[in-house]
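Worksheet: one structure, shown below.
The values are calculated or read from the model by the stated rules, or taken from the named source; none is laboratory data. This structure is a prediction, so every number in the text was calculated from the model and none was measured. All Cβ positions, glycine included, derive from the backbone under ideal geometry; neighbour counts span all protein chains shown. Quick note on the areas: whole protein, heavy atoms, side chains included, nothing else; ligands and nucleic acids left out. Shrake-Rupley method; radii C 1.70, N 1.55, O 1.52, S 1.80 Å.
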Amino acid sequence: MDSAISDARTPLGASADNGLKIVIVGGFGVGKTTMVRSVSEIRPLNTEETMTQAGEAVDDIREVRGKTATTVAFDFGRITLDARNVLYLFGAPGQERFWFLWDRLFSGTLGAVVLVDTRRIDDSWYAIDRLEHHGTPFVVACNDFGGTAHPPAEVRAALDLDPHVPLLYCDARSRESSKQVLIALVEHISSRYAAPHAESFQELVP
C-alpha cells in the first residue's frame with residue numbers, strides 16, 4: 001500500500017516550540033507506514049527492512065502475501081499545525097516480536113490511531129488493550145483493503161469497543177483520508193482535555 005511521496009523537505013519554523021506526539025499503532029501490515037507517508041509534510045523516516053523467508057517462521061504473512069518490507073523500529077513524520085505547534089507522528093511496528101517497543105512509544109503520547117484490517121481484526125486487540133492500560137485517548141480507523149465492508153456495529157462488537165471511542169473508515173494511501181482520521185483524533189482529545197488544536201489542524205494543506 002505504498003504511496004508516492006515527495007523528496008521535498010519542509011524546514012521547521014524557528015517559532016515552533018510545542019511538539020505534540022501521536023502514535024499510529026495496529027497489527028502487522030495494516031498500513032501504518034503508508035499512513036505516515038501519506039500525511040507527513042516531510043519525507044518520513046522509515047525503519048523498514050526487506051522481509052525474508054526466515055521471518056515466515058515468526059510472522060503470520062498469510063493475509064499480506066504482497067508485502068516485501070516491514071517496520072523494525074518505528075516510522076516518523078511531521079505536520080505543522082501553526083507557528084508554535086507541531087504534530088509528530090510515530091508509526092509503531094506491528095509484529096508481536098516488536099510489541100515490547102510499544103510502551104516506550106506511548107510515553108508522552110497525546111493520543112493514538114489504532115489502524116485496523118477488518119480481515120484480521122483480532123490483531124487489533126493488543127493495541128487497544130495497551131492504550132486503555134496507559135489511559136491514552138485513541139480512535140479506531142478501519143483501513144480499506146477492498147472486499148466486504150463491515151458495518152460499524154459489527155466492528156465495535158468484534159473489538160469490544162467503548163461507545164465513546166470514535167470509529168472511522170479510511171484509505172491510508174490518501175492524504176485527505178488520513179488527515180480526516182487525525183482530525184477526528186484531535187477532536188476526540190479536545191473533547192476530553194479541551195486541547196485547542198482541532199481548528200488549526202483543519203487548515204492542513206490538502
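Can you name every one of the helices (runs of 4 or more DSSP H) wholly within region 132-206 that holds 1 or more residues which are at pLDDT below 95 and closer than 20 Å to Glu41 by Cβ?
175-193, 198-201
Return the pair list, or none, for Cβ contacts closer than 9 Å from residues in region 103-117 that are closer than 10 Å to Val25 by Cβ to residues that are open to solvent by 20 Å² or more (accessible area, probe 1.4 Å) and part of a loop (DSSP other than H, G, I, E, B), at least 6 apart or on different chains.
Leu105/Phe74
On the basis of being under 19 Å from Lys21 (Cβ atoms) and free of Cβ contacts under 8 Å to residues at least 24 places away in the same chain, does His164 make the cut?
Judged against the criteria, His164 is not a match.
Looking at this structure, is Ser40 under 28 Å from His188 (Cα atoms), at pLDDT 50 or above, among the small types (Gly, Ala, Ser) and surrounded by 15 or more Cβ atoms within 10 Å (Cβ to Cβ)?
yes
Please find, among Leu45, Leu81, the residue that is in contact with a Phe, Trp or Tyr (Cβ under 7 Å, 6 or more places away or on another chain), open to solvent by less than 20 Å² (accessible area, probe 1.4 Å) and either modelled with pLDDT under 80 or not aromatic (Phe, Trp, Tyr) (or both).
Criteria check complete, one pass: Leu81.
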